[in-house]
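Working notes for the structure below.
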Amino acid sequence: MAQDAIAVEELVYTYGDLVAVDHIGFKVAEGEILGFLGPNGAGKTTTVKMLTGQLKPKGGKAHVLGMDVARDAGKVRGEIGVCFEQTNLYEQMSALENLELFARLFGISSFDGQALLKRVGLAGREKDKVEGYSKGMKQRLMVARSLVNRPRILFLDEPTAGLDPASAEAIRAVILEERQRGATVFLTTHDMMEADKLSDRVAFMDKGKIVALDTPHNLKQQYGKRALKAKVQTPSGELQDREVVLDQPETPDLIQKLFAGEKVVTIHSEEATLEDIFIKITGRGLKE
Amino acid sequence: MNPRGIRALVAKDFTLFFRNRFFALVTSLALVVYVILYFVMPGSVDETLEIGLYAPGWSAIPADMQKEGLEIHVAESLEDLEDGVTAHDYMAGIAIPGDLMEKLASGQRPQVDLYFASDTPEEAQAAVSSLIRELIYAQTGQPLAVDFSTQVLPGPDMVGKQIPPRDRMRPLFAVLLIVFETYGLATLITEEIEHRTIQALLVTPVSVKDLFAAKGITGITLAFGQGALFMAVVGGLNDQPVIIILALLLAALLVTGIGFLIASLAKDMMSVLAWGVLALVILVIPGMGVMFPGVITGWAKAIPSYYVVDTVDRVANYGSGWPDIWQNLLILVAFSVAFLLVGMVALRRRFQ
């Protein structure tokens, strides 16, 4: 059985009277991709800051690769890679210089920056100053920087937010490659499709607490409903929508009735989305 | 501590500093301009005091009045005398009445008129008045029945110790070069905070202590390097180089602490500029005191840079040694350590 890459128990963080993270607990196995979802202000960033040694927990325990994040923050940081949501690169330096700087900070003596830049699609622009890069290029460089030390755990905060489809797809490909290499990925995102597509499990966080944690499939099974959506034409020629909820005892009869009685123009199956499930659990949307 | 990390951060800071066109230009230009200014300024002191004299009853200037360092120009008329003063041909004009001796002999109080240009400093007027009283006393054998107000100029007695203007400027230039780095360092740190690159650094094995060490090394090297280079080029390290270097090093430590403090107070680059200019103006004030003795008085001792300026001035210009300036250095150490500690505590809070 895979060892836990991250183990969190009763973790707490407060800003004055505000409880940002309220006694949360979860585990992430090595090599797993965990999607960490929740609206703004839910406590996701504070949780990530504690796991990456930027904030000291005010209660509970958090272990990363078996190391206590409060006691061994320096060692933890040597084993992880972090990609921030907001661009924070040295814009007066080139992409290669940015990567080489971080390689030196990680104490890596033989570092092939060119290869890493090629991997994220920035070959040929490695000597240009970052200030001239597009948002997508900067984001790809941020991802490359988080990979400089071949991290065992990769923390990615909205890695594809606001990117064009090609850049977003390039970054998703790198995330899957990293998982293939054996890295654990802690993916914070608002993009439900992305979380659904990439994550082995997803955790929903709301008001400082984890309100659900499971595979996307199980969450959909537990909280969502599958349905057939059809567009039918009435004898008067009018188009109307019909919905048949699946997995119910009466479902076969309803489907039969649909095809027998009306002229079906289009039909497709529909699954609950993670967004639907989050709304069902918390009563509010992810982007609130 | 992580020496490799600190080295990498210092190298990065220097790269960014010199890629900032403003800092690269100002740093190199200031150094060059101050060195040029130093060499084009007079290297010797003209101690001759030129005075105009209108004395209608006197056939010749008494030889006693043509003392060494005092040059008397005889005016043909009162109008000539006034023109000479207005045109700055001489510092002061004296109009002695033709019946001076007779009035004195008869016990009357003759009137001696003194003329100064409107921009002649009050201190210079008082000094010239005293000099004239002495000269006339020497001629007539009795005190002149004219009241002169006498003012004592503050500051050390420089009689016989006048130094060329360019050497006077040395401490001011050195302090200007060093103090500017307060702004440079504060900008480097504020940029890191504003652009959130500090966040990226703090998820690597680099600790906050390593960051402080790196910023400290950068600040001290930039400030001290320029100050020491300037002093070396202009011959300021010829006497007691160890004391001067120590004073410059402590000054660099001081501006690094102030740079940390400004970075912790500043919300953005504009506020760095505002705080930086304020610090620059305050820290340069003691340098003005060396250039213009008497302009500032004891209150300047509350400004930490006073002890840098005073040490450099006394050692480089007047040959002072350890026994004369050890107190200065001690106070400077106290100021530097205090500012560095306060700056680090304040900045640490900002980082978090």
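How far apart, in nanometres, would the label points at B:Met270 and B:Met288 be if each is projected 7 angstrom from Cα along the Cα-to-Cβ direction?
Computed distance between label sites B:Met270 and B:Met288 equals 2.7 nm.
Of B:Ala126, A:Gln240, A:Thr14, which is farthest along the charge dipole of the protein assembly as shown in the positive direction, counting Lys and Arg as +1 and Asp and Glu as -1 at C-beta?
A:Gln240
Please give the Cα centre distance for the stretch A:75-105 versus the stretch B:95-113, rounded to the nearest Å.
What the calculation gives is 89 Å, centre to centre.
Roughly speaking, what is the stretch gain from A:Gln233 to A:Ala173, that is 0.36 nm per residue apart minus the C-alpha to C-alpha distance, in nm to one decimal?
Computed gain between A:Gln233 and A:Ala173 is 17.3 nm.
Short version: what are the Cα gyration tensor semi-axes of the stretch A:1-88, square root of 5 times each eigenvalue, largest first, in whole Å?
Gyration-tensor ellipsoid for the stretch A:1-88: 19, 15, 14 Å.
Under a point-charge model restricted to the Cβ atoms of Lys and Arg (+1) and Asp and Glu (-1), what is the dipole moment magnitude of the stretch A:225-270 relative to its Cα centre, in debye to the nearest 20?
100
A:Leu187: net charge of surrounding residues, Cβ under 11 Å, Lys/Arg +1, Asp/Glu -1, itself excluded?
Net charge around A:Leu187: -2.
So what's Rg/Rh here for the stretch A:27-77, counting alpha carbon atoms and using the Kirkwood radius for Rh?
Across the stretch A:27-77, the Cα-based Rg/Rh ratio is 0.97.
Just going by the charge dipole of the protein assembly as shown, with Lys and Arg at +1 and Asp and Glu at -1 on Cβ, which of A:Leu187, B:Gly5, B:Tyr54 is farthest out on the positive end?
Value computed over the given set: A:Leu187.
Taking every residue in A:81-91, how many Cβ atoms of other protein chains lie within 10 Å of its Cβ, on average?
4
Please give the average number of partner chain Cβ atoms lying within 10 Å of the Cβ of each residue in B:194-202, rounded to a whole number.
6
How much length is gained on full extension from B:Ser130 to B:Asp83, taking 0.36 nm per residue of separation minus their Cα-Cα distance?
Computed gain between B:Ser130 and B:Asp83 is 14.6 nm.
For the protein assembly as shown, give the magnitude of the charge dipole about the Cα centre (Cβ charges: +1 Lys/Arg, -1 Asp/Glu; no others), in debye to the nearest 20.
Taking the Cα centre of the protein assembly as shown as origin, the dipole is about 3620 debye.
Just tell me which aspartates and glutamates come within less than 16 Å, Cα to Cα, of A:Lys263; anything on the same chain fewer than 8 places away is out.
A:Lys263 reaches A:Glu238, A:Asp241, A:Glu243.
Under the definition of partner shielding as Cβ atoms of other protein chains within 10 Å of a residue Cβ, what is the mean value for peptide B:203-214?
Average per residue, whole number: 5.
Along the Cα-to-C-beta direction of A:Val211, a point sits 7 Å from the Cα; which residues of the stretch A:6-30 have their amide N less than 17 Å from that point?
Counting backbone N atoms under 17 Å from the label point, the list is A:19-25.
Using a Förster distance of 35 Å, how high is the FRET efficiency between A:Arg226 and A:Asp68, based on the Cβ-Cβ distance and rounded to 0.05?
So the FRET efficiency works out to roughly 0.20.
Is the shape of the stretch B:241-317 best called rounded, prolate or oblate, per the rule: a/c under 1.5 gives rounded, else a/b larger than b/c gives prolate, else oblate, with a ≥ b ≥ c the square roots of the Cα gyration tensor eigenvalues?
Verdict is oblate for the stretch B:241-317.
Round to the nearest 10 and give me the degree value, 0 to 90, for the angle of helix A:165-181's Cα axis relative to the longest principal axis of chain A.
70
Roughly speaking, what % of Cα-Cα pairs in the stretch A:18-145 are separated by over 23 Å, rounded to a whole number?
Beyond 23 Å sits 44 percent of the P(r) for the stretch A:18-145.
Along its three principal axes, how long is the stretch A:225-270 when you only count alpha carbons? Whole Å, largest extent first please.
31, 19, 10
Please report, for the Cα atoms of chain A, the Rg to one decimal and the Dmax as a whole number; what are they, in angstrom?
When restricted to Cα atoms, chain A yields Rg and Dmax of 22.7, 77 Å.
First measure r as the distance between the Cβ atoms of A:Leu246 and A:Gln3, then evaluate 1/(1 + (r/R0)^6) with R0 = 22 Å and state the FRET efficiency to the nearest 0.05.
Calculated value: 0.05.
Report the far tail of the P(r) of the protein assembly as shown, meaning the percent of Cα-Cα pairs longer than 50 Å.
41
Determine the distance separating the Cα centre of the stretch A:154-190 from the Cα centre of the stretch B:200-240; give it in Å without decimals.
The two parts, judged by their Cα centres, are 40 Å apart.
Is the C-alpha gyration tensor of the stretch B:165-314 telling us rounded, prolate or oblate? Criteria: a/c under 1.5 is rounded; beyond that, a/b larger than b/c is prolate, otherwise oblate.
Verdict is prolate for the stretch B:165-314.
Which value in nm describes the separation of the simple spin-label points at B:Val342 and A:Ala161, placed 7 Å from the Cα toward the beta carbon?
Going by the 7 Å Cα→Cβ label model, 3.9 nm.
Measuring from centroid to centroid over Cα atoms, what is the spacing of the stretch B:172-199 and the stretch A:222-265 in Å?
Value for the Cα centre distance between the two parts: 69 Å.
Near B:Ala223, within a Cβ-to-Cβ distance under 14 Å, what is the net charge of the other residues, with Lys and Arg +1 and Asp and Glu -1?
That works out to -1.
Subtracting the Cα-Cα distance from 0.36 nm times the residue separation, let me have the gained length for B:Val26 to B:Leu70 in nm, one decimal.
The B:Val26-B:Leu70 span can extend by a further 11.4 nm.
Each value in this text was obtained by applying a stated rule to the coordinates, not by laboratory testing. Everything quoted here is computed from the prediction, not taken from an experiment. Counting neighbours? That spans all protein chains shown, and the Cβs are built from the backbone with ideal geometry, glycine included.
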